[in-house]
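Just so it is clear, none of the values below were taken in a lab; they were calculated from the coordinates. The shown structure was predicted, so the numbers you read here are calculated from the model rather than taken from an experiment. Glycine gets a Cβ as well: all are built from the backbone with ideal geometry, and neighbour counts include every protein chain shown.
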Amino acid sequence: MHRIIGIDPGSRFTGVGIIDTHKQSIQHVHHETVKCGDGDFPERLKVIFTAVNELVKQYQPHEMAIETVFMAKNANAALKLGQARGAAICATVANDVLVHEYAPKAIKQAVVGKGSADKAQVQYMVKLLLNLTEKVQNDAADGLAVAICHANNRWAQQRLVANNTSNWRNFK
């Protein structure tokens, strides 16, 4: 078993999804939306840091995957998103967990099959891929999608390594 925590950072809501992988299968472990509140921005960053730190200690993931910053509508929004990412990354790295980053389009491509998928499509596919019965809130579904994206990426890398190491002597 290999445990992955996926984070969809946000300064108001941060989505978290935790999955276990084994060979080519994915199993849902936990998901939640961290509600950061309407307080001062540094307080909201503290909420993100504390919540992610507690989740990492409780669920002990081997790796963390997080969404990269995309071009926001304005510079201030991009800066806040970057700081929310930083709070989540610091909470994870403080617990010696490896961090991997994925672009939003790559995450949607891995889960839905197209990089321009909307939130409803991501939500639907996450529910389907993890055999969940209840509807998953958007931010939590995005956190699970990030984790699923990383699981897919790990499998692809493992296949490449396995193929390259077994065939490298035959290459001429």
Convert each backbone phi in segment 48-59 into a coupling constant with the Karplus relation 6.51 cos²θ - 1.76 cosθ + 1.60 (shift: θ = phi - 60°), then list the ³J(HN,Hα) values in order as whole Hz, x for Gly and Pro. 4, 4, 5, 5, 5, 4, 5, 5, 5, 5, 6, 9
Quick one: Debye curve from the C-alpha atoms of the chain, no solvent, what's log10 I(q)/I(0) at q = 0.15, 0.17, 0.19 Å⁻¹? -0.79, -0.99, -1.21
In degrees, nearest 10, range 0 to 90: what is the angle between the Cα axis of helix 138-167 and the longest Cα principal axis of the chain? 20
Nearby lysines by direct alpha-carbon distance to residue 57 (threshold 21 angstrom, same-chain neighbours under 8 apart not counted): 35, 46
Between segment 83-119 and segment 1-71, how many Å separate their Cα centres? 9
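So, by mean Cβ neighbours within 10 angstrom, what's the order for 8-16, 89-97 with the highest one leading?
Numbers: 8-16: 23.8, 89-97: 16.1.
In decreasing order of mean packing, 8-16, 89-97 become 8-16, 89-97.
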Order 113-122, 55-64 from most to least packed using the mean count of other Cβ atoms within 10 Å. 55-64, 113-122
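Percent antiparallel among DSSP beta bridges with both residues in segment 2-170, to the nearest 5?
Details: 17 of 26 bridges.
Roughly 65 percent of the DSSP beta bridges within segment 2-170 come out antiparallel.
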From the backbone phi of segment 124-130, what are the Karplus-calculated ³J(HN,Hα) couplings (6.51 cos²θ - 1.76 cosθ + 1.60, θ = phi - 60°) in whole Hz, Gly and Pro given as x? 4, 5, 4, 4, 5, 5, 9
Which residues' amide hydrogens lie under 5 Å from the amide hydrogen of residue 100, considering only partners 5 or more residues apart or on another chain, with H built in the peptide plane? 64, 65, 66
Residue 54 and residue 131 label points (each 7 Å along its Cα→Cβ direction) are spaced in nm at 3.0
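Determine the shape class of segment 57-96: with a ≥ b ≥ c the square roots of the Cα gyration tensor eigenvalues, call it rounded for a/c under 1.5, and otherwise prolate if a/b is greater than b/c, oblate otherwise. Intermediate values should be presented prior to the final figure.
Numbers: a/c = 4.01, a/b = 2.61, b/c = 1.54.
Verdict is prolate for segment 57-96.
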Total charge of the residues flanking residue 112 in space, meaning their Cβ is under 11 Å from its Cβ, with Lys and Arg +1 and Asp and Glu -1, is +3
